[in-house]
Every structure is written in C-alpha cells, then in structure tokens.
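Any read-out appearing in this document is the output of simple, stated calculations on the displayed coordinates, not a laboratory observation. What you see is a predicted model; the values in this text were computed from it and never measured. Positions of Cβ are generated from backbone atoms using ideal geometry, with glycine treated the same way; all protein chains shown enter the neighbour counts.
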Amino acid sequence: MNSISPGYVNTDLLKPAGRLQPRWIELTPQKRFGEPWEIAGAAVYLASEAARFCTGTDLVVDGGYTLW
C-alpha cells in the first residue's frame with residue numbers, strides 16, 4: 001500500500017485557521033501553500049503503471065515543511 005502525505009494545501013479547509021496561516025507559510029521552505037493540482041500529480045503517479053513496483057511508499061508533498 002502506498003500513501004501521500006500532503007502539506008498545507010490551498011483549499012477551503014485552511015480558512016478556519018486564518019490566523020495560523022502566516023506561521024505555516026513561514027515554516028515551509030517554499031514559503032507558500034501547495035495547490036491541489038500539485039498533490040494530484042503524486043496521486044496520478046501512484047495510480048500509473050510507472051509506480052507498479054512501488055510498495056510501502058509514502059510520497060511527502062509538503063513544500064519542504066518536514067525538511068526541518
């Protein structure tokens with residue numbers, strides 16, 4: 001089984017945490033939120049034939065947030 005671990009993505013789910021958003025951006029090396037299409041690319045890859053030999057893979061798509 002494979003998985004995707006997204007970082008903060010620019011969707012309606014972020015709106016309730018408005019006051020925390022500047023801090024999250026500050027802590028992300030790319031200094032921005034991800035966009036949904038950037039997470040979708042990881043899903044397309046894992047669903048494709050190109051990833052058929054991948055097992056137990058966790059693709060972290062977080063703009064470097066977990067890099068620290």
Within segment 42-68, of all residues that are among the small types (Gly, Ala, Ser) and over 10 Å from the mean Cα position of the chain (by Cα), the one farthest from residue 3 (Cα to Cα) is 50
Restricting to segment 1-56, what's the tally of residues that are exposed (fewer than 10 other Cβ atoms within 10 Å of the Cβ), small (Gly, Ala, Ser) and in a helix (DSSP H, G or I)? 1
